Structures are given as C-alpha cells and as structure tokens.
Amino acid sequence: MQHETSPSAVTLIRAAQLSDTAEYAYAATAPAGSRLIFLAGSCPLEADGSTAAVGDYAGQAAQCMANLAAALAAAGASLTDVISTRVLVATTSQADLVAAWEVVRDAFGDHDAPSTLLGVTVLGYDHQLVEIEAVAAVRE
C-alpha cells in the first residue's frame, strides 16, 4: 500500500533547562487529527531474510535504517515524520551503542526526533545486534 507524503505533522520540542549535549529533541508533538504510524522494530534483515552485516553494529544499524525508511514509505511517511525512536543494541559496551547511534543520528540528519538508546541482552534473529522501533505521524 503506497501513500503520498505531505508536510510533516511532527513538531520537535527543545527544553532549554535540560542539557544540550543530547543529540535529539527531548519531546515531540503531532496535532489532533494526525494519523499515527506505529512501526514494528526494524531489523537488519536482507530481502531474502538473512541477517546483514554480521558482527558489525554500524552496518546493522544502516540496514535497520534502510528497512525503516522502506516501511515508512509503504505507510505514506518518511524519516521526517518520525516522532520518536527506540534503538536496541545487543551489547554491554557503550562503544557499540555509540557505533549504532551514530548511524541512526546521521540518517535522521536535522530531524533529531526524541530517542532512547539502550543495550539489551539478545535480539530475535540469528546474529542480530541492532533493532530500531519508531512511531511516526502524518497529516491526513
């Protein structure tokens, strides 16, 4: 199902009293009447179902972002319509978290939607290291 995209309904909110070191907005809103899109966790899977970039946090984050963009497009949205994300990384190392986050941050560019980055014990697919959840909002 394909939909035509329209100007983003998402407004990113800065909080002046909070640290500006975070590489994302602290909150976001969408106006009444917006259509919300709840995306399944985007996984680092190739079209054939195999896991991409085995052992590579940044490579898997890149595949997750490509898959997320495709799911958004199918729902009539784009990355600039994302209202929040959650980035799950199977690791106990902050460096691995940062490697995945840098790819996600760069993919979103100036649209720095609120996000949560966290390390988890394990993810669902063989060799999976990264998964990205998102919620988006579009004007009808």
Practice task
Kindly provide the set of residues from region 73-97 that are of a type in the set (A, V, I, L, M) and either surrounded by 15 or more Cβ atoms within 10 Å (Cβ to Cβ) or under 12 Å from ILE132 (Cα atoms) (or both), ordered by number.
Solution key: ALA75, ALA77, LEU79, VAL82, ILE83, VAL87, LEU88, VAL89, ALA90, LEU97
Fill in the blank from the handout: Residues of region 27-51 being buried (at least 19 other Cβ atoms within 10 Å of the Cβ) and assigned to a loop (DSSP other than H, G, I, E, B), in sequence order, are ALA30, CYS43, PRO44
Handout entry: Search result, residues across region 116-140 that are under 25 Å from LEU12 (Cα atoms), exposed (fewer than 13 other Cβ atoms within 10 Å of the Cβ) and of a type in the set (D, E, K, R)
Key = GLU140
Practice task
Sort through ALA71, ALA32 and tell me the only one that's out of contact with any helix residue (DSSP H, G or I) (no Cβ under 7 Å at 6 or more places or on another chain) and free of Cβ contacts under 8 Å to residues at least 12 places away in the same chain.
Solution key: ALA32
Handout entry: Cβ pairs under 9 Å, 6+ apart, first in region 91-118 and closer than 12 Å to LEU79 by Cβ, second open to solvent by 40 Å² or more (accessible area, probe 1.4 Å) and among the basic types (Lys, Arg)
Key = ASP112/ARG105
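The values are calculated or read from the model by the stated rules, or taken from the named source; none is laboratory data. All of these numbers come straight from a predicted model, not from anything done at the bench. Don't worry about glycine lacking a Cβ; one is built from the backbone with ideal geometry, like all the others, and counts go over all protein chains shown. Calculation scope for accessible area: heavy atoms of the full protein, side chains included, ligands and nucleic acids excluded. Shrake-Rupley method; radii C 1.70, N 1.55, O 1.52, S 1.80 Å.
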